[in-house]
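These notes concern the structure reproduced below.
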Amino acid sequence: MILLKAELQNDYKGFRMLSRLDLQGVAEILPDDPVRPHITADWRIMCGREVYALYEDQYAQYAPPLEEGKRAVICVGYTNRVPITESQLDWMSSESWSAEDTTPDTAVFYTVWSYSKGAGREIILEAAKHIKETKGVTRFVTLSPLTDMAERFHLRNGAFLLNKGEECQNFEYENV
C-alpha cells in the first residue's frame, strides 16, 4: 500500500486517506469486487492500470490505516480513447502505457465499490482529484456494466451517459 495523502475531513471524525494498492493489497480485496471479480489482481496493476482504496482512520496521519478502515475501492486504466469493452480497455491502456511520445489523457474507472454509504462517490472524486494533480489526466469516464444500479449511481453523482454499447456503458464526469 502506498500512502498518497491524508486529509482531515470536517464531516467525519477522522482522517480520509487515498492509497494506491500494490499486488498483495489488490489480491486481498479482489473477492469483494461485485462488478468484475473475474479480472486478476496482476492485470489490474500492470500496463497503465492502478487500484486505489479510500480509508478512514483516526490514526491515518501517523501510520497506514487498519484493514477495517477501508471505505471504498476503485480500479482505473489510463487511455487516450474511451473503451466500450474490457478487451478494448486492455489494449488501449497497454498501448498508452507503452507509447513513448504519448501521455494518456483519459482515466477510465472500470470498477468501483464501497463498504460504507457515500464512499463510492467520495472515492471517484478523490481519485479524480489525485489523478488530475499527479498524472495530468483531463478526462474521467467509466466502463460500467449495463445495469440500472450503475446507471443510477453515476447519474446521481454528476456524470452523464456518454455511450451505451452491447456489453458496457460509459459515463463521463466533468468538472471533477
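Report yes if residue 84 is touching a helix residue (DSSP H, G or I) at 6+ places or on another chain (Cβ under 6 Å), among the β-branched types (Val, Ile, Thr) and modelled with pLDDT of 85 or more, otherwise no. So residue 84 does not fit the description; no. Contact annotation: residue pairs with Cβ atoms under 6 Å, 6 or more positions apart or on different chains, pairing a residue in region 70-88 that is at negative phi and among the hydrophobic types (A, V, I, L, M, F, W, C) with a partner that is buried (at least 18 other Cβ atoms within 10 Å of the Cβ) and assigned to a helix (DSSP H, G or I), are 72/119; 72/120; 72/123; 73/29; 74/123; 74/127; 75/44. The set of residues in region 157-176 that are more than 22 Å from residue 88 (Cβ to Cβ) and touching a helix residue (DSSP H, G or I) at 6+ places or on another chain (Cβ under 8 Å) comprises 157, 176.
In region 74-94, the qualifying residues are those that are in contact with a Leu (Cβ under 9 Å, 6 or more places away or on another chain) and over 23 Å from residue 17 (Cα atoms), and the one that is surrounded by the most Cβ atoms within 10 Å (Cβ to Cβ) is 79. Being of a type in the set (S, T, N, Q) and surrounded by fewer than 19 Cβ atoms within 10 Å (Cβ to Cβ) holds for only one residue in 142, 111, 103, and it is 103. Look at (1) within 21 Å of residue 38 (Cβ to Cβ); (2) buried (at least 20 other Cβ atoms within 10 Å of the Cβ); (3) touching a residue at least 60 places away in the same chain (Cβ under 8 Å) and you find that residue 122 fails only one, number (1). Taking the conditions (1) touching a strand residue (DSSP E or B) at 6+ places or on another chain (Cβ under 6 Å); (2) within 18 Å of residue 20 (Cβ to Cβ) in turn, residue 97 satisfies each one other than (1). Scan region 86-123 residue by residue and report those that are touching a Gly at 6+ places or on another chain (Cβ under 7 Å) and within 11 Å of residue 142 (Cα to Cα). Selection gives 89, 108, 110, 112.
The values are calculated or read from the model by the stated rules, or taken from the named source; none is laboratory data. All of these numbers come straight from a predicted model, not from anything done at the bench. All Cβ positions, glycine included, derive from the backbone under ideal geometry; neighbour counts span all protein chains shown.
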